[in-house]
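A short worksheet on the structure shown next.
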Amino acid sequence: RDSIAEHRLISLDKGQNFNRITVWYTGMQSTARLATGVVIHSEAKDSYVLNADYVAYADPTDNPRVNNSQLFVATLYPQSNSVSTSFLPMMPPANGCEGHAVGIAADYKGEHFTYYAGSAWSKYDVRTMAEWIQRIEWTLRQIRQPLEVSIGN
């Protein structure tokens, strides 16, 4: 049997919605499927978005009638050519959970895998799912084309 160890490096920047997460596993003897994503709850089972670059979800919070708000969550895959996204249902749904919206790296061999995970709250910085998608796409552009500054020659 393999003795596998997980390593995870998480970094966050002040004022940003997303954390940069790099994960890798040592001791793997064969390839595996690596999945990252978000839980989909029964109260809002159709409010997720699958994209080649991300999975996004508008979560109704743990008590939608009392909280009257939403939490927007997402995982981003800037190197989307190595990830496919899909919904994995729970059979049967249990404890208010319908399944997971995930990005899957199919032939994972233990190498460093970087993705971004984050959230926003409808009563603070993101009011709607459409605005959340805009924030996601803006963040992906920043990651792929970072600002570069050079001084002098």
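Pairwise inverse Cα distances across the chain, averaged and inverted, put the Kirkwood hydrodynamic radius at 16.9 Å. At q = 0.19, 0.24 Å⁻¹, what is the log10 ratio I(q)/I(0) for the stretch 1-78, with the Debye formula run over Cα points and no solvent? Values returned for q = 0.19, 0.24 Å⁻¹ are -0.97, -1.15. Proximity of backbone amide H atoms, modeled 1.01 Å from N, is registered between residue 70 and 122, 123 at under 5 Å, excluding neighbours fewer than 5 places apart on the same chain. Amide H contacts of residue 98: 40, 41, 42, each under 5 Å away and 5 or more positions distant or on a separate chain (H built 1.01 Å from N in the peptide plane; Pro and chain starts excluded). 3J(HN,Hα) along the stretch 15-27: x, 9, 7, 10, 9, 8, 10, 10, 10, 8, 10, 10, x Hz, from the Karplus curve 6.51 cos²θ - 1.76 cosθ + 1.60 with θ = phi - 60°, whole Hz, x for Gly and Pro. Between residue 12 and residue 45, what is the label-to-label distance in nm when each label sits 7 Å out along the Cα-to-Cβ direction? Going by the 7 Å Cα→Cβ label model, 3.2 nm.
Per residue, the chain reaches -4000 deg cm²/dmol at 222 nm when only DSSP H runs of four or more residues are counted, each adding -39500 (n - 2.57). The distance linking the stretch 132-153 with the stretch 1-70 is 22 Å (Cα centroid to Cα centroid, whole angstrom).
Label separation (residue 29 vs residue 68): 5.9 nm, computed from points 7 Å beyond Cα along the C-beta direction. Per-residue 3J(HN,Hα) values for the stretch 37-52, derived from phi via the Karplus relation 6.51 cos²θ - 1.76 cosθ + 1.60 with θ = phi - 60°, read x, 10, 7, 10, 8, 4, 5, 9, 5, 10, 9, 10, 10, 9, 9, 4 Hz in sequence order (x marks Gly and Pro). Summed over the residues of the chain and divided among them, the accessible surface reaches 64 Å² per residue at a probe radius of 1.4 Å. A full extension of the chain between residue 112 and residue 80 corresponds to an added length of 10.1 nm, given 0.36 nm per residue minus the alpha carbon distance. Here r is the Cβ-Cβ distance between residue 88 and residue 52 and R0 is 22 Å; the resulting FRET efficiency, rounded to 0.05, is 0.80. In units of the compact-protein estimate 2.2 N^0.38 Å, the stretch 59-125 shows a Cα radius of gyration of 1.40. Suppose R0 equals 22 Å. What FRET efficiency, 1/(1 + (r/R0)^6) with r the Cβ-Cβ distance, do residue 131 and residue 19 give to the nearest 0.05? Rounded to the nearest 0.05, the efficiency is 0.65.
The values are calculated or read from the model by the stated rules, or taken from the named source; none is laboratory data. What you see is a predicted model, and the numbers here were worked out from it, not measured in a lab. Here the Cβ is made from the backbone with ideal geometry for all residues, glycine too, and neighbour counts use every protein chain on show. Accessible surface is based on the protein model in full, side chains and every heavy atom, while ligands, DNA and RNA are left aside. Shrake-Rupley method; radii C 1.70, N 1.55, O 1.52, S 1.80 Å.
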